[in-house]
Ligand SMILES: O=C(O)CCC(=O)C(=O)O
């Protein structure tokens, strides 16, 4: 559970990093399950969806939170679900989840974007937040995520659909909007860390990450949560279930009443 100060920092910056939140034995179980999902795909649960780089290695593994036990367990545990419920001031469900893997020397960029730049087309409002759990070292050289502090207050910037840069069709912020808003390199905050560190971030924060040009693989696990009553609606061509979960099971961490009344959601 967060203190009032942590919740205030999250609301001001649009993100909060907690070091060593997940213990090494749990990280070990997550890593083994992740490696299994990446290598033995024929046996994966049917909803688990793998996306590969153009050059072959796995880029993302979606939807392990439903039936792959270590992933299911983690997103419902107090260290992760507790702060999320405080952020929303309500219960939450998993909107989507993915392991973003970057193979050494081959893992590719995530261009600058705001998650809500495309999630808004899924028929949800902006009461969404993510928890990025590092399952190994995340460094500038292996392509750790970078965030622009305070950018969650900029509104939704102009996005376009990039289908050229990587193997994954991605909604990205236009270069014109980037030049207008990110006017100094010091605004970019690299989030480096080790296994067990977690970065919680707002769905409107501008973020991205670089190519992995190091010999070390990068493992980042991202759970995206939505407030329990923020369910997709009114969309003509809904995206598939592996990327927009349509199961609204509440996360189960129990919180005392005092935890959700710390401050009104932004
Ligand atoms: O894995 C990363 O480095 C960034 C991923 C990301 O921005 C996203 O999944 O929205």
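The values are calculated or read from the model by the stated rules, or taken from the named source; none is laboratory data. Given the structure is predicted, the values throughout are model-derived calculations rather than measurements. Every residue, glycine as well, gets a Cβ built from its backbone with ideal geometry; the counts of neighbours run over all protein chains shown.
For the range 1-13, taking the residues that are under 22 Å from residue 76 (Cα atoms) and in contact with a strand residue (DSSP E or B) (Cβ under 7 Å, 6 or more places away or on another chain), the one that is surrounded by the most Cβ atoms within 10 Å (Cβ to Cβ) is identified as 10.
Counting only residues that are more than 10 Å from the ligand (Cβ to nearest atom) and buried (at least 22 other Cβ atoms within 10 Å of the Cβ), the range 221-236 holds 4 of them.
Of all residues in the range 138-160, none are within 11 Å of the ligand (Cβ to nearest atom), in a loop (DSSP other than H, G, I, E, B) and surrounded by fewer than 21 Cβ atoms within 10 Å (Cβ to Cβ). Quick one: would you say residue 50 is closer than 26 Å to residue 249 by Cβ and within 18 Å of the chain's Cα centre (by Cα)? Yes; evaluated as a whole, the condition is true for this residue. Here residue 84 passes the criteria (1) out of contact with any helix residue (DSSP H, G or I) (no Cβ under 7 Å at 6 or more places or on another chain); (2) part of a loop (DSSP other than H, G, I, E, B); (3) on the phi < 0 side of the Ramachandran plot except the one numbered (2). Kindly check whether there is at least one residue in the range 127-134 that is over 27 Å from residue 29 (Cα atoms), near the ligand (Cβ under 9 Å from one of its atoms), modelled with pLDDT of 95 or more and surrounded by 22 or more Cβ atoms within 10 Å (Cβ to Cβ). No, because not a single residue in the range 127-134 is over 27 Å from residue 29 (Cα atoms), near the ligand (Cβ under 9 Å from one of its atoms), modelled with pLDDT of 95 or more and surrounded by 22 or more Cβ atoms within 10 Å (Cβ to Cβ).
Among the listed residues 218, 239, identify the single one that is under 30 Å from residue 150 (Cβ atoms), surrounded by fewer than 17 Cβ atoms within 10 Å (Cβ to Cβ) and within 18 Å of the chain's Cα centre (by Cα). On inspection, the qualifying residue turns out to be 239.
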